[in-house]
Amino acid sequence: MRINSRIVTIGLSALISACVTTQDSIVGYPEGFRTWQHVKTMLIQPGHPLEEPFGGIHHVYANPKAISGMDSGEYESGSTFVFDLLNYTEDSQTITEGARKRIDMMLYDSSRYAASGGWGFATYMDENKTLPIAQDVQRACFQCHQSAEPTSFVFSKLRD
Ligand code: HEC
């Protein structure tokens with residue numbers, strides 16, 4: 001999808017205001033997500049306003065509950081999306097995946113994450129699976145995802 005400038009502006013100010021997360025807002029690492037359904041892929045290149053922090057190739061994955069939610073528009077507890085961001089190399093007119101930069105994830109639990117549309121957000125850097133980066137998820141991630149309210153704060157769409 002096209003990332004418009006309004007989203008970019010909201011997002012950048014949200015990321016800049018990132019601060020400390022509280023213990024009970026922590027979303028655990030989505031072990032095994034590489035076996036989930038692939039939703040889509042996108043390359044964000046140097047010079048794009050979201051190059052920092054989202055530059056690279058990302059693949060979006062959804063667990064079975066999240067796939068049902070994309071179909072029905074209603075997400076049940078446990079629905080999870082992963083945004084798997086990788087570095088890349090260019091050589092002889094090819095672009096190849098490189099090392100993982102980070103994963104960003106969203107876990108649906110309407111009671112636990114009521115303040116952010118029911119979604120808990122988290123980022124794990126590189127291959128680190130134990131400690132999400134410290135930030136205020138409500139602001140840093142949700143302020144931008146808020147613009148996807150008509151689709152329950154999820155931007156990605158399933159293609160055939
Ligand atoms: C500047 C706006 C912006 C910010 C800030 C942002 N996202 Fe997103 N996010 C997007 C867009 C746009 C997509 C869809 C990407 C695509 O189409 O491939 C997306 C996709 C995702 C997805 C896949 C599900 C979906 O909604 O498509 C996850 C998971 C995700 N983001 C997590 C996060 C987390 C965690 C953070 C905070 C660290 C974050 N995002 C911050 C704009 C943003």
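Can you tell me which condition Arg139 does not meet? The list is (1) within 11 Å of the ligand (Cβ to nearest atom); (2) within 21 Å of Thr35 (Cβ to Cβ); (3) among the basic types (Lys, Arg), and all the others hold.
Only one criterion in (1) within 11 Å of the ligand (Cβ to nearest atom); (2) within 21 Å of Thr35 (Cβ to Cβ); (3) among the basic types (Lys, Arg) is unmet by Arg139, namely (2).
Need pairs with beta-carbon distance below 7 Å; first residue of a type in the set (D, E, K, R) and within the stretch 61-72, second surrounded by fewer than 21 Cβ atoms within 10 Å (Cβ to Cβ); sequence gap 6+ or separate chains.
Lys65/Glu76; Lys65/Gly78
For the stretch 132-160, which residues satisfy the criterion of being more than 18 Å from Gly69 (Cα to Cα) and part of a loop (DSSP other than H, G, I, E, B)?
Pro132, Ile133, Ala134, Gln135, Asp136, Cys141
Show the residue pairs meeting these rules: Cβ distance below 7 Å; 6+ apart or different chains; first residue within the stretch 17-43 and among the charged types (D, E, K, R); second residue at pLDDT below 55.
Nothing qualifies.
Just one of the numbered conditions (1) more than 25 Å from Glu127 (Cα to Cα); (2) surrounded by fewer than 18 Cβ atoms within 10 Å (Cβ to Cβ); (3) small (Gly, Ala, Ser); (4) at pLDDT 95 or above is not true of Gly69; which one?
So the condition that Gly69 fails would be (2).
Being more than 8 Å from the ligand (Cβ to nearest atom) and of a type in the set (A, V, I, L, M, F, W, C) is the filter here, so list the residues in the stretch 143-160 that pass it.
Of everything in the stretch 143-160, just one residue is more than 8 Å from the ligand (Cβ to nearest atom) and of a type in the set (A, V, I, L, M, F, W, C), namely Leu158.
I'd like to know if the stretch 49-58 contains one or more residues that are more than 18 Å from Asp84 (Cα to Cα), at pLDDT below 95 and surrounded by fewer than 17 Cβ atoms within 10 Å (Cβ to Cβ).
Within the stretch 49-58, none of the residues are more than 18 Å from Asp84 (Cα to Cα), at pLDDT below 95 and surrounded by fewer than 17 Cβ atoms within 10 Å (Cβ to Cβ).
Can Gly118 be described as more than 10 Å from the ligand (Cβ to nearest atom) and closer than 24 Å to Arg159 by Cα?
The answer is no for Gly118.
The values are calculated or read from the model by the stated rules, or taken from the named source; none is laboratory data. Note that the structure is predicted; figures quoted are calculated from it, not measured. Note that we place each Cβ from the backbone using ideal geometry, even for glycine, and neighbour counts take in every protein chain shown.
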